[in-house]
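In what follows, a single structure is set out as structure tokens and then discussed.
The values are calculated or read from the model by the stated rules, or taken from the named source; none is laboratory data. Note that the coordinates shown come from a computational prediction; the quantities given were computed from them, not determined experimentally. Neighbour counts run over all protein chains shown; Cβ positions are idealised from the backbone, glycine included. Please note that ligands, DNA and RNA were not included when accessible areas were found on the heavy atoms of the full protein model with its side chains. Shrake-Rupley method; radii C 1.70, N 1.55, O 1.52, S 1.80 Å.
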Amino acid sequence: MKRLGVNIDHVATLRNARGETHPDPVSIAKFVKNSGADSITIHLREDRRHINDNDAKKICSINGILVNLEISTNPDIVKIALKIKPNFICIVPENRKEVTTEGGLNILNNKKKLKNIISRFKKKKIRTSLFINPSILDVRNSKFLGADCIEIHTGKLASLVKSKKNYSNELSKIKKCAILAKRIGLEVHAGHGLDYKTAKILSKINQIKEFNIGHYIIGESIFFGLKKVIKNFIKIIR
């Protein structure tokens, strides 16, 4: 059965806009779980623009909630992650000036660093994923480095679908990567820019086992409520 991970970063963005305590990401994590999501995704960025250290620590300590912590390869962030011990780690690229994650990891230029970080998390029995572009070479390198999973960056596909442009080539790349990944023993996840339409398109790829969706869910919940939007996505992907 395909799983839904809900990214709650932008609940923290809303809280931080007033510098107060509401809405509380910890309470939202519990609400999301009770609404049917399989896991909670949070990104502890180097600039702490939304989720902060205290949020991450508290959310990771909640019994019964599976937490997927997105982090860069920054040594200080890696140390924090090892200390708070989330259930899952997803290593992502990070640029301070970016509005949101712009693409997958540059694996070729960071093999040694990534292999070391993955090894440290696996020693703690933390499932580790690499956030990659839909590239056959990146899939193979993810396996070589010892990752448990890959999360395919779906931002380009989502942009093409939203702008009503031909997305068949990009979808084909994702399919080929998903098929190869499963064949060589990597679990396949998908995330970035997903809405109802793109989630429905990707749900037809049997090899994709997990969808991580955030911005669209939080945005749609303004109109229809968080629980309703989560249930809509669960229905679509399953």
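Could you tell me the distance between the Cα centroids of the range 118-148 and the range 36-100, to the nearest Å? First find each Cα centre; the distance between them is then 17 Å. Under 1.5 on a/c is rounded, so check that first for the range 47-91, then, if it is not, pick prolate when a/b is larger than b/c and oblate when it is not; a ≥ b ≥ c are the square roots of the alpha carbon gyration tensor eigenvalues. Prolate, since a/c reaches 1.5 and a/b exceeds b/c.
Taking amide hydrogens as placed 1.01 Å from N in the peptide plane, the amide H of residue 66 sits under 5 Å from those of 40, each at least 5 positions away in sequence or on another chain.
Among 104-111, 186-193, sorting by the average number of other beta carbon atoms lying within 10 angstrom of each residue, highest first, gives 186-193, 104-111.
Listed by chain and number, the lysines whose alpha-carbon sits under 17 Å from that of residue 124, ignoring those within fewer than 8 places in the same chain, are 57, 79, 83, 85, 115. In order along the range 200-209, the Karplus-derived 3J(HN,Hα) couplings, from 6.51 cos²θ - 1.76 cosθ + 1.60 at θ = phi - 60°, round to 5, 4, 6, 5, 7, 8, 4, 6, 6, 9 Hz, and Gly and Pro are given as x. Using C-alpha pairs under 8 Å with a sequence gap of at least 6, the mean separation divided by the residue count of the chain gives a relative contact order of 20 percent. All other residues whose Cβ lies under 10 angstrom from that of residue 149 are scored, Lys and Arg at +1 and Asp and Glu at -1, for a net of -2. Candidate cross-link partners of residue 125 among the aspartates and glutamates, defined by an alpha-carbon separation under 14 Å and a same-chain spacing of 8 or more, comprise 148. Classify the range 115-229 as rounded, prolate or oblate, taking a ≥ b ≥ c as the square roots of the eigenvalues of its Cα gyration tensor: rounded when a/c is under 1.5, otherwise prolate if a/b is larger than b/c and oblate if not. In terms of gyration-tensor shape, oblate. These residues, 94, 70, go from largest to smallest accessible area, 1.4 Å probe, as 94, 70.
Comparing 130, 69, 82 in a Gaussian network model of the chain (Cα springs below 10 Å), the most mobile by mean-square fluctuation is 82. Amide H neighbours of residue 45 under 5 Å, at least 5 residues apart or on other chains, H built in the peptide plane: list them. Those qualifying (amide H under 5 Å, at least 5 residues apart or on another chain) are 50, 51. Taking a ≥ b ≥ c as the square roots of the eigenvalues of the alpha carbon gyration tensor, the range 164-238 is prolate, as a/c is not under 1.5 and a/b beats b/c. Of the trypsin sites (Lys or Arg not before Pro) found in the range 148-183, those that fall in a DSSP loop while having at most 10 other beta-carbon atoms within 10 Å are 164, 165.
A cut-off under 10 angstrom between Cβ atoms defines the neighbours of residue 158, and their net charge, with Lys, Arg +1 and Asp, Glu -1, is +1.
Per-residue ellipticity at 222 nm from helix content only, as computed over the chain with -39500 (n - 2.57) for each DSSP H run of at least four residues, stands at -14000 deg cm²/dmol.
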